[in-house]
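The values are calculated or read from the model by the stated rules, or taken from the named source; none is laboratory data. Remember, it's a predicted structure, so these values are computed and weren't measured experimentally. Positions of Cβ are generated from backbone atoms using ideal geometry, with glycine treated the same way; all protein chains shown enter the neighbour counts. Side chains included, ligands, DNA and RNA excluded: accessible areas come from the protein's heavy atoms. Shrake-Rupley method; radii C 1.70, N 1.55, O 1.52, S 1.80 Å.
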Amino acid sequence: MKTQVAIIGGGPSGLLLAQLLHTRGIDSVVLERKTKDYVLSRIRAGVLEQGLIKLMQEAGCATRLHAEGIPHDGTLISYGDEMFRIDFTEHTGTPVMVYGQTEVTRDLYEAREKTGGKIEFNVEDVVIHGADTDTPHVYYTVDGTAHRLDCDFVAGCDGFHGVSRQTIPLDVRKEYEKIYPFGWLGILSETPPVNHELIYANSPRGFALCSMRNENLSRYYIQCSLSDKPEDWTDEAFWQELKRRIPADQAANLVTGPSIEKSIAPLRSFVTEPMRWGRLFLCGDAAHIVPPTGAKGLNTAASDVHYLYNGLRDFYENNSTEGIDTYSQKALARVWKAERFSWWFSSLMHTYPDQSEFDLKMQVAEIEFLRSNKAAQKSMAENYIGLPY
Ligand code: RFL
Ligand code: PHB
């Protein structure tokens, strides 16, 4: 088989890139290790920046997002029983949109199917060959049958555990990593959200986040120990702990119910450089991970897709390699800023096992500075709504 762009990974990065390329008549094949149902069962991001929304529009996939997404003009931050608001619209003129990653992915799959784009599911043993030559090709198997895909370029959109990053030789690749000493236990429940805006809560018992998907579907997280397992936490224990970490007046309004999903995610900051090796380009979680505090993961994946899509367009439409030659540099410049914001917001909101009383005082002082200082709020708002591409 032959295509112009071989896309490894059918998560949001891979699918969005495929649909954008399709709008310009650039052919691609998406290779996904799992089934579509499996990909759609993963509960992940919930907050979209305008940059991602614009890309979904450009890909022709934003109708449902505009109909069902909930614009958010601000967010709430609490510490103990104190709570204040950061107004995104006042400081930046721009809201964010609450619309689940599952729905983004569902819309992209639907568009891919409608436009007859090729996706191979259940692919195994993906190996990328010749990425440093003009004739890259990808070997893979499906149901035990071996296949070869020849292409002009390979987009590595296969997430943190994928093969694309590993294809870049160790003497070319440099990785930067920070592991946090805690995880997030998340649940999804068919209950109305406790507040119409998100609450990021700092408490002496640990961080909590009250988020949502729609008016009858809530997403809540609590900071947990890395050794915890989801089955260690009954729903009752989760709700009790959440109530202790958010302001009392919010806890009094919390509607609880059975969880329909419960999972634990470790927190990590990670960047690999460069994001290009020859004709292989890394995109999204394949190249970088942020802790979820601040909702930057999917949104940073989207900015990579933007730079890569425009680089490939420039190549096919204008015969120019300028865009692909500067891809890694442009993508990384924005990635590092999202890394900084996510690291800063995580450090501000979580309790750390080795935190001294002085460290705790510094956290509270910084939160109170944010509460009282318009310039600090503006800086937070600009980062939260998404830095420009
Ligand atoms: P994905 O979504 O991991 O997709 C990669 C796909 O590649 C497939 N794959 C392979 N396919 C073929 N061959 C191989 N060898 C393969 N290896 C892997 C996988 O099956 C998968 O389908 O990466 P992508 O597309 O780059 O998307 C990144 C986002 O998923 C991620 O950044 C976000 O979910 C992070 N994130 C959040 N981001 C936000 O912007 N806002 C949020 O509110 C937000 N909340 C979150 C999050 C991530 C979380 N978890 C669980 C890590 C909340 C949580 C709890
Ligand atoms: C979510 O709704 O899953 C979510 C929202 C905001 C975050 C992280 C996750 O910062």
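Below, the figures for the structure above:
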{"item": "Projected-area average for the stretch 25-77 over all orientations - Cα convex hull basis, square nanometres", "result": "5.9 nm²"}
{"item": "Net lengthening on full extension, Ser263/Glu190 (0.36 nm per residue, minus Cα-Cα)", "result": "24.7 nm"}
{"item": "Rh by Kirkwood over Cα pairs, then Stokes-Einstein D for the chain at 0.692 mPa s and 37 °C, µm²/s", "result": "151 µm²/s"}
{"item": "Net lengthening on full extension, Gln240/Lys378 (0.36 nm per residue, minus Cα-Cα)", "result": "46.3 nm"}
{"item": "The stretch 136-209, accessible area per residue, ligands and nucleic acids excluded (1.4 Å, Å²)", "result": "41 Å²"}
{"item": "Loop-located chymotrypsin sites (Phe, Trp or Tyr not before Pro) in the stretch 112-173, at most 15 other Cβ atoms within 10 Å (DSSP)", "result": "Phe160"}
{"item": "Beta bridges per DSSP with both ends in the chain, % antiparallel, nearest 5", "result": "75 percent"}
{"item": "Gain on full stretching of the segment that runs from Ser227 to Thr94 - 0.36 nm per residue minus C-alpha separation", "result": "44.0 nm"}
{"item": "Approximate spin-label separation Leu360-Thr141, in nm, with each point projected 7 Å along Cα-to-Cβ", "result": "5.6 nm"}
{"item": "Values of log10 I(q)/I(0), in the order q = 0.18 Å⁻¹, for the stretch 110-186 under a Debye, Cα-only, solvent-free model", "result": "-0.93"}
{"item": "Cα-based Rg of the stretch 253-389 normalised by 2.2 N^0.38 Å, two decimals", "result": "1.32"}
{"item": "Highest average packing first - 36-42, 356-362, Cβ atoms within 10 Å", "result": "36-42, 356-362"}
{"item": "D (Stokes-Einstein, µm²/s), Kirkwood Cα radius, the stretch 316-389, 0.890 mPa s at 25 °C", "result": "162 µm²/s"}
{"item": "Theoretical ellipticity at 222 nm over the chain - DSSP helices of four or more residues, -39500 (n - 2.57) apiece, nearest 500", "result": "-11500 deg cm²/dmol"}
{"item": "HN-Hα J in Hz across the stretch 377-389 - Karplus 6.51, -1.76, 1.60, θ = phi - 60°, x for Gly and Pro", "result": "5, 5, 4, 4, 5, 4, 6, 5, 6, x, 5, x, 7"}
{"item": "Average accessible surface area per residue within the stretch 259-389, 1.4 Å rolling probe, Å²", "result": "41 Å²"}
{"item": "Volume of the Cα convex hull of the stretch 230-326, divided per residue and given in Å³", "result": "162 Å³"}
{"item": "Among the listed pairs Lys54/Lys378; Lys330/Lys361; Lys243/Lys337; Lys114/Lys174, those beyond 31 Å (Cα-Cα)", "result": "Lys330/Lys361; Lys243/Lys337; Lys114/Lys174"}
{"item": "The stretch 48-121: radius of gyration and largest Cα-Cα distance (Dmax), Å", "result": "16.2, 53"}
{"item": "Volume of the Cα convex hull of the stretch 180-222, divided per residue and given in Å³", "result": "73 Å³"}
{"item": "Burial order of peptide ranges 304-314, 269-279 (average beta-carbon count within 10 Å, highest first)", "result": "304-314, 269-279"}
{"item": "Computed P(r) (all Cα pairs; the stretch 192-245; 10 Å bins; percent)", "result": "23, 54, 23, 1"}
{"item": "Calculated FRET efficiency for the pair His161/Ala67, C-beta based, R₀ 41 Å, to 0.05", "result": "0.75"}
{"item": "Carbon/sulfur fraction of accessible area - the stretch 252-329, other protein chains in place, 1.4 Å, %", "result": "47 percent"}
